[in-house]
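Take a look at the structure below.
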Amino acid sequence: MVQDEPGATRGRLQDIQAFTDLSLSLLAEDDLLTELLERARAVLRADTATLLLADAGSGELVVAAACGLEEELRQGVRAWPGSSFVGRVAADRAPVILDQVNHSSGVSLILVEKGVQALLGVPLVAAGAVVGVLHVGAFSPRQFTGDDAELLQLAADRAAVAVASQQARADRAAAAALQRSLLPAAPPAFPGMEFAARYVPGNGVAGGDWYDVFVLPSGELGVVIGDVAGSGLAAAVAMGRMRSALRAYALETSDPAEVLARLDRKMQHFEPAILATVLYAVFDPGLDRVSLCSAGHLPPVIARPGHPAEPVGGDPGLMIGVALDAERPVGTAELPPGAVACFYTDGLIERPREPLDDCLTRLCKVVTAQQPEAACAAVMGAMVGNEQARDDIALLIIQRLPSQAAAGAAAMPAVASSDTNPA
């Protein structure tokens, strides 16, 4: 028996090597997961190997890959955490072994019908969160051991890294695509007004910042700038819902405070975990005056010809998602011909260890009454420069054209909003 120990040790090391092999890192994530399932089945002398991943929306565990029993993948097998065999693995964050499989074992019906006799499952954990479950099964009676569980956990740990990387990349791509689809393709043609805008994702990851410009049935111009807390796909999805809801409420009332109140009630009822700052401004048809209401958002900056820029709008009210029936004041500001209004999110001005008032003062020194595209370039150059944005930056600059230019614009044929992304 002693003579067998070196051979057993070599065999154990080879089994470990199957899951720690550096060559696995050369594979794409999808190929890596498939290869890990094949190796898990071979090393553990199992007949089936299945990978389930946690669905970010529902929390269910959904089959993402299968080897030896592909029906689980093709039929979209899923399970709730805690209520099944794989659910117990996820809930306990520990291996679970079933020496007998039947209808009372809490396994999928396919496993029972296909004759699986024994199962071993282990959790996939990434960044402290369970992202999935890996299990292997045998068609003949079998007793999986603690050593088997340790080997399968090596495969699961390797898979968890690949899954986390795959999901992060997919979330970034989806968030960026959603962000692009929801920002206006171009501002509406509005006589007497010119627009320019910038959007830069923080650290290269799109999130919940947005701006919007639309013409109301009353002939007024609505302008929105907002920032949903968080980043990535979840923030971008919440932003999209808020944008659509705000547009709908803006059609029902011209009172910016009422629009934000309705938006707040909607979000707190359907998505109570979401926090956001939003500023909604309504320019009257003659463009002489703008009414503003803020839900915790930074004030816009207005630069009038011959005068330094200054923040306007008064004190901000409570942000969206903090308290029901919050009252938010409505401020007004004059916008003479040639004046520029600058709307932005906090990523533009906030800097570590620098008082916010100082940052806002710096922005006011940069904003001047000039053509909006030139103003955007000046603001981004002075406030961002060559720095990588830590947080999302949304910037929208609007100029009320000087009287002569406005008269020429008014003489042109009226054009409806060119925004190709309806609410």
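For this structure, a couple of remarks:
- Dividing the C-alpha radius of gyration of the range 183-410 by 2.2 N^0.38 Å, with N its residue count, gives 0.95.
- Residues whose amide H comes within less than 5 Å of that of residue 118, counting only those at least five positions distant or on another chain, are 138 (H built at 1.01 Å from N in the peptide plane).
- Ranked for footprinting exposure by Cβ neighbours inside 10 Å, fewest first, 283, 139 give 139, 283.
- At an R0 of 22 angstrom, the distance between the Cβ atoms of residue 365 and residue 284 translates into a FRET efficiency of 0.15.
- Phi angles of the range 347-352 translate, via the Karplus equation with coefficients 6.51, -1.76, 1.60 and θ = phi - 60°, into HN-Hα couplings of x, 6, 10, 6, 9, x Hz per residue; Gly and Pro are given as x.
- Taking the alpha carbon gyration tensor of the range 84-162, multiplying each eigenvalue by 5 and rooting it gives semi-axes of 22, 13, 10 Å, largest first.
- Taking 0.36 nm per residue of sequence separation and removing the Cα-Cα distance, the residue 325/residue 253 pair yields an extension gain of 24.2 nm.
- Peptides 238-249, 256-267 ranked from most to least packed, by the mean per-residue count of other Cβ atoms within 10 Å: 256-267, 238-249.
- Paramagnetic reach from residue 378 (point 7 Å along Cα→Cβ, amide N under 11 Å) across the range 301-324: 303-309
- The modelled label-to-label distance for the pair residue 129/residue 332, using points 7 Å beyond Cα in the direction of Cβ, is 4.7 nm.
- The order of the peptides 150-159, 322-331 by mean Cβ neighbours within 10 Å, most packed first, is 150-159, 322-331.
Any read-out appearing in this document is the output of simple, stated calculations on the displayed coordinates, not a laboratory observation. All figures in this text were calculated on a predicted structure; none of them were measured in a lab. Reconstructed Cβ throughout: ideal geometry from the backbone, glycine too, with neighbour counts over all protein chains shown.
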